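A.B. asks: One structure, pasted below without further comment.
What follows is calculated from the coordinates using simple rules that are stated; it is not laboratory data. Since the structure is predicted, the reported quantities are computational estimates derived from the model, not experimental observations. Virtual Cβ from ideal backbone geometry, glycine too; neighbours counted across all protein chains shown.
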Amino acid sequence: MPSQAQEAYLSFLMVPKVEDDYGQDASEFFKELTSTPRLKANVDYRKGNVLYLTLYTRSSIADGSSSLNAEMVKNGFAQVEKRVPKKFADLASRLRAQQEQARRRRAGIYEYGDYDLDEEK
């Protein structure tokens with residue numbers, strides 16, 4: 001039987017690596033978000049064998065609230081990628097608005113002001 005596990009990333013997001021500034025905090029927050037027993041993954045796209053997902057809890061689907069991806073952005077533990085395919089422009093726009101709110105509230109990676117995960121590469 002083939003392996004059930006597959007490499008996957010949160011769609012359209014840059015998240016600090018565990019060893020980077022705020023990486024441990026982002027990892028702990030993600031663990032907290034995913035501690036629910038049932039998650040739903042929407043596969044937005046694939047690159048080779050790698051999946052790019054938007055994750056939801058059962059309750060977020062039922063009440064129409066935001067995805068786990070959006071929660072990571074809202075709480076300042078992820079940034080929206082600079083380039084997002086045009087067919088996802090509306091989603092990217094909503095995520096960027098949440099990113100701006102996190103920046104203004106100085107949440108997570110914005111604790112000391114602007115922070116750009118692209119600069120860490």
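A.B. asks: Can you pull out the residues in the range 14-56 that are of a type in the set (S, T, N, Q), over 22 Å from Q79 (Cβ atoms) and touching a helix residue (DSSP H, G or I) at 6+ places or on another chain (Cβ under 8 Å)?
C.D. replies: Answer for the range 14-56, where residues must be of a type in the set (S, T, N, Q), over 22 Å from Q79 (Cβ atoms) and touching a helix residue (DSSP H, G or I) at 6+ places or on another chain (Cβ under 8 Å): just T36.
A.B. asks: Take the residues in the range 73-115 that are aliphatic (A, V, I, L, M) and outside any helix (DSSP H, G or I), then tell me which one is farthest from L33 (Cα to Cα).
C.D. replies: Filtering the range 73-115 for residues that are aliphatic (A, V, I, L, M) and outside any helix (DSSP H, G or I), the one farthest from L33 (Cα to Cα) comes out as V84.
A.B. asks: Name the residue that is nearest to K17 (Cα to Cα), counting only residues in the range 71-90 that are buried (at least 22 other Cβ atoms within 10 Å of the Cβ) and small (G, A, S).
C.D. replies: A78
A.B. asks: Return the residues of the range 96-110 that are more than 13 Å from the chain's Cα centre (by Cα) and not small (G, A, S); say none if nothing qualifies.
C.D. replies: Within the range 96-110, E100, Q101, R103, R104, R105, R106, I109, Y110 meet the criteria.
A.B. asks: Let me ask you something else. Are any residues in the range 7-43 exposed (fewer than 11 other Cβ atoms within 10 Å of the Cβ) and either among the polar types (S, T, N, Q) or closer than 20 Å to G113 by Cβ (or both), and if so, which ones?
C.D. replies: The answer is S35, and nothing else.
A.B. asks: Of the conditions (1) touching a residue at least 40 places away in the same chain (Cβ under 8 Å); (2) under 25 Å from G108 (Cα atoms); (3) part of a loop (DSSP other than H, G, I, E, B), T36 clears all except one; give me its number.
C.D. replies: It fails just one condition, (1).
Per-residue answers, yes or no, for (1) farther than 20 Å from F29 by Cβ; (2) out of contact with any strand residue (DSSP E or B) (no Cβ under 6 Å at 6 or more places or on another chain); (3) without any contact (Cβ under 8 Å) to a residue 60 or more places away in the chain:
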residue: L53; (1), (2), (3): no, no, yes
residue: S60; (1), (2), (3): no, yes, yes
residue: S66; (1), (2), (3): no, yes, yes
residue: K86; (1), (2), (3): yes, yes, yes
residue: L91; (1), (2), (3): yes, yes, no
residue: R96; (1), (2), (3): no, no, yes
residue: E100; (1), (2), (3): no, yes, yes
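A.B. asks: What do you reckon, is A26 under 26 Å from Q6 (Cα atoms), part of a helix (DSSP H, G or I) and aliphatic (A, V, I, L, M)?
C.D. replies: The answer is yes for A26.
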